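Worksheet: the structure to be examined is printed underneath.
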Amino acid sequence: MLDWSDILLRLGAATLACGAIGLNRNLHGKPIGLRTLGLVGLATASVMIFIEPWPNAPGAHPDAASRVIQGILTGIGFLGAGVIIHAAQSKKVHGLTSAAGVWLAACIGIVCGTAQWALAGMTLAFAFAVLVLGGPIERAFHGMIDEDDDDAPPKPPVS
């Protein structure tokens, strides 16, 4: 059985790490924020903490954790789908990064719930590298491609 300080650490780490991802999305004007992703991390960590004592219990199924993780990651897709918006007039899809952030928050919550601190820290570091650097890198590559592509059809006027 886990002691209260370990439970508090696991829940707090999941809530803070996932909330930080949500804060990043919110600061970029995206349709998801600190509260949503913080709750996703908290919920998934709490479920993982709940099932931890049970694998060794008499009659417990050895694949219980695997089944719970599968259920979480399948179900969380529905929450992520709720932030995806298709703009018919421009044929663009918005919210995919936020939807991926929901799924990532669930994964980080699972990792924190199982006290895999190094994995949680590295995952969070890579996530912020992608979120902070990904946009500028994409824009730089688009700029290089657009400059070199003389055969490209003219771009439609922006309205």
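The values are calculated or read from the model by the stated rules, or taken from the named source; none is laboratory data. A quick note: this is a predicted structure, and the numbers were derived from the prediction, not measured. Note: ideal-geometry Cβ built from the backbone for every residue, glycine included; neighbour counts use all protein chains shown. For the accessible areas, the whole protein counts, side chains as well, though only heavy atoms, and no ligand, DNA or RNA atoms are used. Shrake-Rupley method; radii C 1.70, N 1.55, O 1.52, S 1.80 Å.
In the range 1-38, which residues are of a type in the set (D, E, K, R) and assigned to a helix (DSSP H, G or I)? Step through it out loud before you land on a result.
Keep residues of the range 1-38 that are of a type in the set (D, E, K, R), which gives 3, 6, 10, 25, 30, 35.
Of everything in the range 1-38, those that are of a type in the set (D, E, K, R) and assigned to a helix (DSSP H, G or I) turn out to be ASP6, ARG10, ARG25, ARG35.
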Could you run through the range 1-32 and say how many residues are under 18 Å from VAL130 (Cβ atoms) and open to solvent by less than 40 Å² (accessible area, probe 1.4 Å)? 9
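Sort out which residues of the range 130-141 are open to solvent by 70 Å² or more (accessible area, probe 1.4 Å) and without any contact (Cβ under 8 Å) to a residue 24 or more places away in the chain, and write them in order of number. Don't jump to the end; show me each part of the working.
Taking the range 130-141 as the starting set, the residues that turn out to be open to solvent by 70 Å² or more (accessible area, probe 1.4 Å) are 130, 132-133, 137-139, 141.
VAL130, LEU133, ILE137, GLU138, ARG139, PHE141 - these are the residues of the range 130-141 that are open to solvent by 70 Å² or more (accessible area, probe 1.4 Å) and without any contact (Cβ under 8 Å) to a residue 24 or more places away in the chain.
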Sort out which residues of the range 19-51 are among the hydrophobic types (A, V, I, L, M, F, W, C), under 14 Å from the mean Cα position of the chain (by Cα) and farther than 19 Å from GLY71 by Cα, and write them in order of number. ALA20, ILE21, LEU23, ILE32, LEU34
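Only one of these is touching a Ser or Thr at 6+ places or on another chain (Cβ under 7 Å) and among the hydrophobic types (A, V, I, L, M, F, W, C): VAL68, VAL111. Name it.
Working: VAL68 fails: touching a Ser or Thr at 6+ places or on another chain (Cβ under 7 Å).
Of the residues listed, the single one that is touching a Ser or Thr at 6+ places or on another chain (Cβ under 7 Å) and among the hydrophobic types (A, V, I, L, M, F, W, C) is VAL111.
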Selected residue (criterion: modelled with the lowest pLDDT) from residues of the range 92-129 that are outside any helix (DSSP H, G or I) and open to solvent by less than 40 Å² (accessible area, probe 1.4 Å): GLY95
Of all residues being assigned to a helix (DSSP H, G or I) and over 13 Å from VAL40 (Cα atoms) in the range 70-91, which is most open to solvent (accessible area, probe 1.4 Å)? Just the residue, please. GLN70
